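Below is one structure, written out as structure tokens; the observations come after it.
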Amino acid sequence: MSEIQNLIAEEAVSKLQEIVKGSRTCMFATKLEQAPFHVIPMRVQEADYEGNLWFFSSKDSTHNAHVREDPRVQLIFANSPDMEFMTVFGNASISTDKDKIDRLWDEMVGSWFEGGKEDPNISLICVQPALAHYWDTEDGKIVTTAKMLTRAVTGSDIDPGVEGSLNV
């Protein structure tokens, strides 16, 4: 069984930033009240010092329309090489702050917006986490896999890693 390490405040934000750094792309779900909900891959531009997650998005996109209807979203991160995983439930808002757009802009974003930073269709989605949970291995993928194989062969107990809530 995993060790439980619930983190709060700065420790929680640091863990969130660490996992986002390892897996900048997440599955971004909207329309959570319906089944199936709407899910698309989106790239995090920044996990700020408060734990907010920032994404570029088109003003006229389906997910922007969904956020305007219902701000509740679910983000799912998977950094398989390092065996780090996280789910974030939060509330999203849409921003057109030009200073923030300039600061977060990079060439990857430029491939999505023909008009560059001045494209009239650019917006940012900010997700403020309300609930987050992570799963992590302290030893990395290779050691964790070896531990799992040892358990399969010998039946001995292993410590597969840590998990916990992130209260940012």
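FYI, it's all coordinate maths here, none of it is from the lab. None of these values were measured; they are calculated from a predicted model. Cβ: placed from backbone, ideal geometry, glycine included. Neighbour counts: every protein chain shown.
For the range 114-125, backbone phi angles converted through the Karplus equation (6.51, -1.76, 1.60; θ = phi - 60°) give residue-by-residue couplings of 4, x, x, 4, 8, 4, x, 9, 6, 9, 10, 10 Hz, Gly and Pro being listed as x. For R72, R43, R103, the sequence from fewest to most other C-beta atoms within 10 Å is R103, R43, R72. Cβ crowding within 10 Å ranks C126, C26 as C126, C26, fewest other Cβ atoms first. With helices as the sole contributors, the chain gives -8500 deg cm²/dmol at 222 nm; each DSSP H run of n ≥ 4 counts as -39500 (n - 2.57), and the sum is divided by every residue. Over all other residues within a Cβ to Cβ distance under 14 Å of G90, the charged ones net out to -2, with Lys and Arg as +1 and Asp and Glu as -1. Cβ crowding within 10 Å ranks M83, M108 as M108, M83, fewest other Cβ atoms first. Taking Cα atoms only, the orientation of helix 140-154 departs from the longest principal axis of the chain by about 40 degrees.
In order along the range 100-105, the phi-based Karplus estimate (6.51 cos²θ - 1.76 cosθ + 1.60, θ = phi - 60°) of 3J(HN,Hα) comes to 5, 4, 4, 5, 8, 4 Hz; Gly and Pro are listed as x. Taking every alpha-carbon pair under 8 Å whose residues sit at least 6 apart, the range 3-167 reaches a relative contact order of 27 percent.
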